[in-house]
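Scroll down for the structure; my scribbles are underneath it.
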Amino acid sequence: MRCASILAALLLFPSGLGLAQSVSMKGDSLDKVQVLALVLGDVPSSRVATLVVERGIVFQPQKAYLDLLKKVGADDGVITAVNVAQRPPDHPGADAAPARDAPLDRDEILNLLLTGMESDVLTQLITSRGIDFEPYDEYLHAYQVAGAKPDLVGALRQAGQSKLGASTMNMTAHEDKHPKSAEGVPPAKIVRMSGEMEATRLISQAPPEYPQIARNARVQGTVRLAAMIGIDGSVEELEVISGHALLIKSSIDAVSKWKYQPFQLNGAPVEVQTEIDVKYVLVN
C-alpha cells in the first residue's frame, strides 16, 4: 500500500520540463549512471523520482545498485520509482555481454565497479577498449562514489579526449581562458555538464514560438545549441550546433531567456558549459 501511494504521488508530481504544445523537451530513458548522478546532484528527490518514472530506465535494478543509491541518499520515493520504472521493450538488458573489443558504455563500467573489479584492471580495460560516451563531470563523480580510483578517472578523461579528438575538451572544472580583470580577481571556473543533467536545473523557460513559415513548410526537428550558463543561472552565450534554418532564431530567442539554478563547486559559483536540444513537433 505504501509503495502504491508513493508511486501515485510521483505520477502526479509536475515535471516542469515540458514546453508548449509544439515543442517537446522529454529526454531518453535513463541508465544507471544518469540516475546515480541525479541522486548525487542537488536535484530534489521528488524531481529525481519523477524523471525516473516519466522517462523509464534502460536497466534491471540489482541489489548492489539499489544499495549504492541508498548509500548516497536516495529516499524511498526514488527507490520505488527505480523499481517500478518502465524499460524500453527493445532494450536487451543491462547485463547482456558486450562484444569483446567493443567500447565500454556508462553502465558497463559501473557494473564492473559494483562487482568488485579492481580499479587498475578496469583502467587497463578502458585504455585498451575505449568508451562510447562523453565522460561529463557528474558521471566521473558517480564512478568515484562507486569506488573508482584517480587513475581510473584519469583513464576515462583520456578516453573521452581520444573519442572526441578534441584537445580542448576538459572534464574537470578549469580556469576560464578569459584574462583576469584589472582588479586581479580570478575568473569564474567552468564545469562541463550534460544536457539532460542541466535540464533538471531549469527554473523558468520561455516556450519557443513555432515560426509560421516553418509550420507552412511542414518543417519540424531539433535545434541543438551550445550554451554557457552564468554563475547566476542566466544563459550568457549560445552557439548553434545543428538545426533547420527556419527554427534557429526562434530557439535562440526563447532559450536566451531561460533561467537555471546556479551551480556551485566546492561552495564556489561556477559557469556551466552544456548543450540544449529544442524539439519542434507539428501536432496537426
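Values quoted throughout were computed directly from the atomic coordinates according to the rules given, and no laboratory measurement underlies them. Predicted, not measured: the structure shown is a model, and the values here were computed from it. Cβ atoms come from the backbone with ideal geometry, glycine included; neighbour counts cover every protein chain shown.
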Check cross-link reach from residue 149 to the aspartates and glutamates: straight Cα distance under 13 Å, and skip same-chain residues fewer than eight apart. 118, 120
May I ask you to compute the full-extension gain from residue 162 to residue 202, defined as 0.36 nm times their residue separation minus their alpha-carbon distance, rounded to one decimal in nm? 11.3 nm
Figure the gain on full extension for residue 265 and residue 222 (residue separation times 0.36 nm, minus the Cα-Cα span) and round it to one decimal in nm. 12.4 nm
Once the piece of chain linking residue 145 and residue 237 is laid out straight, how much longer is it, given 0.36 nm per residue of separation minus the C-alpha distance between them? 29.9 nm
Label point at residue 101 placed 7 Å out along Cα→Cβ; residues across region 128-165 whose backbone nitrogen lies under 17 Å: 128-132
